[in-house]
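J.: Below you'll find the structure I mean.
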Amino acid sequence: MSDTTSNQMWGGRFAAGPDAIMEAINASIGFDKRLAAQDIAGSRAHAAMLAATGIVEPSDAEAMREGLLTVLSEIEGGTFEFSTALEDIHMNVEARLKTLIGEPAGRLHTGRSRNDQVATDFKLWVRDQLDAAEAQLLALLRALLAQAEAGADWVMPGFTHLQTAQPVTWGHHMMAYVEMFGRDLSRVRDARVRMNESPLGAAALAGTGFPIDRHMTAAALGFDRPAANSLDAVSDRDFALEFLSVASISAVHLSRMAEELVIWSSAQFRFVTLSDRFSTGSSIMPQKKNPDAAELIRAKIGRIFGANVALTLVMKGLPLAYSKDMQEDKEQVFDAADNWLLALAAMEGMVRDMSANVPALEAAAASGFSTATDLADWLVRELNLPFREAHHVTGALVALAEKKGCDLPDLSLSDMTSVHDGITGAVFDVLGVHNSVASRTSYGGTAPDQVRTQIARWKEILG
């Protein structure tokens, strides 16, 4: 494609074509060709509206719409030749359409600008990614619910500071991630509602004098309504920023769970076995089974966070309305979307396939004086001690057990009464890990019945 042809796309304003450096910095076709399907959908809706409002002849609009389907099939079939001289996906499509249908192609851009066109394309693309993320989150939530249901009674250690704190159930731990990813799901759905306004027809920045019907094109493209201010419509990238924000928070949750899977699958913990589908071996150590999928998910947060920061910095100082800086809005979002959706899919696969080592979980649950709080609570309930005094007595019993090299349930009654003479044999009823978790019956607690209540609630939510 010659510079002269490229300049014809701009009109008669420029006498000489751009040199190679300007062409390289100005062109976006290398990445915005990913918007092809959305660009053609927007153009087909616009063409139909131009005919319905009498702005173009119905025959011209039909030629445009059919020609655009031909262009789409060429792009999807890999036979379309993209040109950097034509800068972006919009001009590449329009140039090819002109070759296919001739003069009517020149009428397609009536009543719109590349400014509202790209905003529409990008919104449609981000909306598609939100829909894909919703599907992936639903799959992950269902995999977590299946794990929680299977292990509602399995005991394991609960941690604070990665130190044994109190016994919990496997189901309760899985349901903690259901709550996390459930919030991600609500943010995805909320963001989709807020961004679902159509920029198409805002034109360059001020609207247009042609009698267009923006409500018609908005409805055709699945938007709830047209954007209400033309300046804002072409310069708004909040939808992309919110997408990256939602992805970043979700990536934190993915990274936290990935970290636990790395720890839990280690030889030191042996809490879980990850399937071979999501593990790799070592080139030199034949015994190794590495949780590479979890580690890669843990690393993805850097790219997703980086995209969030990059686009925020692009947008932070831009006056209304459109500036060329906004061409830098897509690559980061494309990369973040790819990596977030991949990480969600990988986590769902790992959770679905992983096997819990129930004996190891129970053994770990009983270690590290995990029932010390249950002992303190018993002292409060049965001996009417103030909690601070009960805390002190329990601490002394922990120190005694530590000195003897045993855990709290292994102390004798005489050991117990040597610290406080009011302790009776009934105390041993609360020192077992199963008794401990069964006693945590407050709403949202770890007792198996509470866990099953939350599983049922989430199954109803997800349908």
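Nothing in this text is a laboratory measurement; each read-out follows from the coordinates by a stated rule. The model shown is predicted, which means the values in this text are computed figures rather than measured ones. Methodologically, a virtual Cβ is constructed for each residue, glycine included, from the backbone with ideal geometry; neighbour enumeration extends over all protein chains shown.
J.: How long is the gain from Ser439 to Asn290 if the chain were fully straight, where each residue apart is worth 0.36 nm and the alpha carbon distance is subtracted? Don't jump to the answer; show the numbers that get you there.
T.: Values: separation 149, 0.36 × 149 = 53.64 nm, distance 3.75 nm.
Full-extension gain reported as 49.9 nm.
J.: Okay, moving on. Explain nothing, just the number: dipole magnitude of the chain about its Cα centre with +1 on each Lys and Arg Cβ and -1 on each Asp and Glu Cβ, in debye rounded to the nearest 20. Walk me through the numbers on the way to the answer.
T.: Values: 41 positive and 59 negative charges, 45 e Å.
Here the size comes out at about 220 debye.
J.: Using modelled backbone amide H atoms (1.01 Å from N, in-plane), which distant-in-sequence or interchain residues come within less than 5 Å of Asn290's amide H?
T.: Here the answer is Thr280, Gly281, since their amide H atoms fall under 5 Å of that of Asn290.
J.: Average projected area of the Cα convex hull of region 257-374, in nm²? List each step's numbers first, then the result.
T.: Values: hull surface 48.4 nm².
Its Cα hull, projected and averaged over all orientations, spans 12.1 nm².
J.: Can you give the extra length, in nm with one decimal, that the chain gains between Asp190 and Lys324 once fully stretched, where that is 0.36 nm per residue apart less the Cα-Cα distance? Can you show the working numbers first?
T.: Details: separation 134, 0.36 × 134 = 48.24 nm, distance 2.92 nm.
Difference between extended and current length: 45.3 nm.
J.: What longest region of the chain stays clear of chymotrypsin sites (Phe, Trp or Tyr not before Pro) that DSSP places outside H, G, I, E and B and that have at most 14 other Cβ atoms within 10 Å? Working shown, then result.
T.: On the way: sites that count: Phe14, Tyr443.
Value returned for the longest uninterrupted segment is 15-442.
J.: Quick one: which residues, 5+ away or cross-chain, put their amide H under 5 Å from the amide H of Gly158? H built at 1.01 Å from N.
T.: Ala165, Gln166, Val168
J.: A further question follows. Give me the percent relative contact order of region 20-107, please, defined on Cα pairs under 8 angstrom at least 6 residues apart. Each step should come with its number before you reach the end.
T.: Working: 81 pairs, mean separation 35.2, N = 88.
Result for region 20-107 is 40 percent.
J.: Return the percentage of antiparallel bridges among DSSP beta bridges fully within region 103-240, rounded to the nearest 5 %.
T.: Working: 6 of 8 bridges.
DSSP beta bridges in region 103-240 are roughly 75 percent antiparallel.
J.: To continue, here is another question. Could you give the angle, 0 to 90 degrees to the nearest 10, between helix 331-353's Cα long axis and the longest principal axis of the Cα atoms of the chain?
T.: In the chain, helix 331-353 runs at an angle near 40 degrees to the longest axis.
J.: Across region 417-424, in residue order, what do the Karplus-derived ³J(HN,Hα) couplings come to in whole Hz, using 6.51 cos²θ - 1.76 cosθ + 1.60 with θ = phi - 60° and x for Gly and Pro?
T.: 5, 5, 8, 8, 6, x, 6, 10
J.: Here's a follow-up. Putting +1 on Lys and Arg Cβ atoms and -1 on Asp and Glu Cβ atoms, find which of Ile263, Thr417, Ala336 reaches farthest to the positive end of the dipole of the chain.
T.: Positive-most Cα among the choices belongs to Thr417.
J.: Are there trypsin sites (Lys or Arg not before Pro) in region 308-359 that DSSP marks as loop and that have at most 11 other Cβ atoms within 10 Å, and which are they? Could the numbers behind the result be given before it?
T.: Working: sites: Lys316, Lys324, Lys330, Arg352; in loops: Lys316, Lys330.
In loop regions of region 308-359 (DSSP not H, G, I, E or B), the sparsely surrounded trypsin sites (Lys or Arg not before Pro) are Lys316.
J.: Another one. Please list 3J(HN,Hα) in residue order for region 108-124, calculated via the Karplus relation 6.51 cos²θ - 1.76 cosθ + 1.60 where θ = phi - 60°; whole Hz, with x for glycine and proline.
T.: Values, residue by residue: 4, 8, 5, x, 8, 10, 5, 5, 6, 5, 5, 4, 5, 4, 5, 4, 4 Hz.
J.: Residue by residue, what Karplus-based ³J(HN,Hα) values in Hz, rounded to whole numbers, does region 307-313 have, using 6.51, -1.76 and 1.60 with θ = phi - 60° and x for Gly and Pro?
T.: Ordered by residue, 3J(HN,Hα) equals 5, 4, 5, 4, 5, 4, 6 Hz.
J.: For region 65-107, which GluC sites (Glu not before Pro) pass both filters: DSSP loop (anything but H, G, I, E, B) and at most 15 other C-beta atoms within 10 Å? Don't skip to the end; give the middle numbers.
T.: Details: sites: Glu66, Glu74, Glu76, Glu81, Glu87, Glu94; in loops: Glu81, Glu87.
The qualifying sites are Glu81.
J.: I'd like the orientation of helix 238-264 relative to the chain: the angle between its Cα long axis and the longest Cα principal axis, in ° from 0 to 90, rounded to 10.
T.: The angle comes out at about 30 degrees.
J.: Okay, next question. Looking at the square roots a ≥ b ≥ c of the eigenvalues of the Cα gyration tensor of region 17-144, which shape do they give, rounded for a/c under 1.5, prolate if a/b is larger than b/c, or oblate?
T.: Oblate, because a/c is 1.5 or more while a/b does not exceed b/c.
J.: Charges only on Cβ, +1 for Lys and Arg, -1 for Asp and Glu: so what's the dipole of region 219-262 about the Cα centre, in debye to the nearest 20?
T.: Values: 3 positive and 7 negative charges, 15 e Å.
Charge dipole of region 219-262: 80 debye, to the nearest 20.
J.: State which entries of Lys33/Lys324; Lys98/Lys316; Lys33/Lys300 exceed 29 angstrom in Cα-Cα distance in the structure shown.
T.: Values: Lys33/Lys324 17 Å; Lys98/Lys316 38 Å; Lys33/Lys300 24 Å.
Among Lys33/Lys324; Lys98/Lys316; Lys33/Lys300, the Cα-Cα distance tops 29 Å for Lys98/Lys316.
J.: Per-residue ellipticity at 222 nm for the chain, helices alone: DSSP H runs ≥ 4 residues times -39500 (n - 2.57), over residue total, nearest 500 deg cm²/dmol?
T.: Values: 19 runs with 286 residues, N = 463.
Calculated at 222 nm, the ellipticity per residue is -20000 deg cm²/dmol.
J.: Take Lys403 and Ser59, extend 7 Å from each Cα along the Cα→Cβ direction, and tell me the distance between the two endpoints in nm.
T.: Result for the modelled spin labels: 10.4 nm.
J.: Please report how far the C-alpha centroid of region 18-86 lies from that of region 161-231, rounded to the nearest whole angstrom.
T.: 26
J.: Along the charge dipole of region 20-107, Cβ charges K/R +1 and D/E -1, which of Gly67, Ala45, Ala27 sits furthest on the positive end?
T.: Value computed over the given set: Ala45.
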